[in-house]
Amino acid sequence: MDVRTAIQTRRAVKQFDSQHSMTQTEIDELLALALLSPTAFNIQNWRFVLLRDPALRRAVRAVAWDQAQVTDASLLIILCADVKSWSKQPERYWRNTTPDIQNFIVPAIGNYYRDQEQVQRDEAMRSCGIAAQTLMLAARAMGYDSCPMDGFNFTAVGKLIKLPEDHVIAMFVAIGKGIHDPWPRGGQLPREVVTLSDHF
Ligand SMILES: Cc1cc2nc3c(=O)[nH]c(=O)nc-3n(C[C@H](O)[C@H](O)[C@H](O)COP(=O)(O)O)c2cc1C
């Protein structure tokens, strides 16, 4: 499937085949593609928590508006981010480059994020949003459906997955085989409402 078709056919699916399992090869391929998503300064601040334990899925569903995707999707990924990844051995994000590049960019990372709590959090959300879309389009290309989700109690989910203090949860992406047609599209805003030329 080409990218255009993946974009056009991706929909937020509410009902998944709870009997379908993805193979480990498929999961590996999906994650390998997701890990190619861009992050600022290549800090790769996302962390992908794959909820495998059925009891944990049920517990998460109970704090996620009882949404069926949480238990029925073949894969439920909680997209989290380490908001301090910029400070944790940042040289590893550029280890394959030349000393010239390393000497320039590694100090720049610290200069950009140090004491900038809001920027650190914004960056976490940007990275996870992009990774979520990569996951959903890659899933589509592999013949799967998906649902992006933020309808859940973030604090309660954080407790259930033992989220570290310096991490945040951005959203879920549920992936699996859809078993019902999605709702009709809600309706896209006219392009002239959402696009501007040069300024507001
Ligand atoms: C950040 C985000 C959170 C969402 N949360 C939920 C959710 O909790 N449950 C759900 O069924 N759909 C959720 N959706 C799906 C949206 O309702 C859906 O993407 C939107 O209506 C457009 O439909 P489409 O994705 O099928 O084009 C979410 C989408 C996004 C981007």
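What follows is calculated from the coordinates using simple rules that are stated; it is not laboratory data. All values derive from a computational prediction rather than experimental measurement. Ideal geometry is used to build each Cβ from the backbone, glycine not excepted, and the neighbour counts take in all protein chains shown.
A few notes on this one:
- Residue tally, condition in a helix (DSSP H, G or I) and within 16 Å of the ligand (Cβ to nearest atom), over segment 35-60: 2
So that you can scan it fast, the table gives a plain yes or no per residue for (1) more than 14 Å from the ligand (Cβ to nearest atom); (2) touching a residue at least 24 places away in the same chain (Cβ under 8 Å); (3) within 30 Å of Trp65 (Cβ to Cβ):
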{"site": "Phe104", "(1), (2), (3)": "yes, no, no"}
{"site": "Tyr112", "(1), (2), (3)": "yes, yes, no"}
{"site": "Asp115", "(1), (2), (3)": "yes, no, no"}
{"site": "Gln120", "(1), (2), (3)": "yes, yes, yes"}
{"site": "Ala131", "(1), (2), (3)": "no, yes, yes"}
{"site": "Cys147", "(1), (2), (3)": "no, yes, yes"}
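- Residue within segment 61-82 that is small (Gly, Ala, Ser) and part of a helix (DSSP H, G or I) present: yes
- Residue within segment 146-165 that is surrounded by fewer than 14 Cβ atoms within 10 Å (Cβ to Cβ) and within 14 Å of Ile77 (Cβ to Cβ) present: yes
- Single unsatisfied condition, Lys177 versus (1) surrounded by 10 or more Cβ atoms within 10 Å (Cβ to Cβ); (2) within 9 Å of the ligand (Cβ to nearest atom); (3) of a type in the set (Lys, Arg): (2)
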